[in-house]
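Down below is the structure, laid out as structure tokens.
The values are calculated or read from the model by the stated rules, or taken from the named source; none is laboratory data. Everything numeric in this text was worked out from a predicted model, so none of it was measured. Neighbour counts are summed over all protein chains in view; Cβ atoms, including those assigned to glycine, are modelled from backbone coordinates with ideal geometry. In case anyone asks, the SASA skips ligands and DNA or RNA and just uses the protein heavy atoms, side chains included. Shrake-Rupley method; radii C 1.70, N 1.55, O 1.52, S 1.80 Å.
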Amino acid sequence: DGQKTAFASTHHGLPDLLTRMARVDPSVPFAGASAALQIGFVKILAITLACAGKFPGGIIFPLFFAGAPFAHAFASLLGPSLLPVAVMGLMAATQAAVTRTPLGSALILSLTSSGSTELSTMLPACLVSSYVGVWGSQWLSSKSYFQYSEKNDKSK
């Protein structure tokens with residue numbers, strides 16, 4: 001029907017028991033910094049368990065959405081005017097730290113952002129934070145979830 005039906009009036013697959021017991025309203029921002037941090041850590045834990053369990057699907061967009069709550073947790077330190085830059089920056093840094101693809105992370109975020117996003121402000125912040133995320137992950141560990149380099153074939 002051209003998306004004219006409200007989401008609440010559709011059958012979305014979740015049992016009524018689960019939706020009645022929900023403690024979080026997704027249409028309301030985080031209650032505070034501690035709630036945002038908790039959600040960020042739970043999202044990282046869920047991604048870790050899904051990857052360790054070899055569940056199908058990618059981790060690129062889940063990593064983007066795992067980084068956003070951490071920016072919301074520090075919103076009180078940054079102020080509301082810098083929150084969009086912080087959200088996109090931490091989304092890019094989180095994803096780039098795992099996949100070690102800083103330019104790809106920044107480009108995906110810039111291409112999927114809304115039409116009203118100020119890319120002249122956001123793109124440099126995404127690029128810098130992506131490279132800082134890769135540098136930080138390499139400083140912590142030389143191993144990556146993805147294996148990009150091939151072992152040298154010594155038989156040649």
> If a residue has to be open to solvent by less than 100 Å² (accessible area, probe 1.4 Å) and modelled with pLDDT of 75 or more to count, how many in the range 130-156 make the cut?
Replying inline: 7
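Collect the residues in the range 107-129 that are within 12 Å of the chain's Cα centre (by Cα) and surrounded by 22 or more Cβ atoms within 10 Å (Cβ to Cβ), keeping them in residue-number order.
Listed by number, the list holds a single entry, L109.
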>> For the range 44-97, give me the residue count where each residue is free of Cβ contacts under 8 Å to residues at least 40 places away in the same chain, open to solvent by less than 30 Å² (accessible area, probe 1.4 Å) and more than 16 Å from the chain's Cα centre (by Cα).
In response: 1
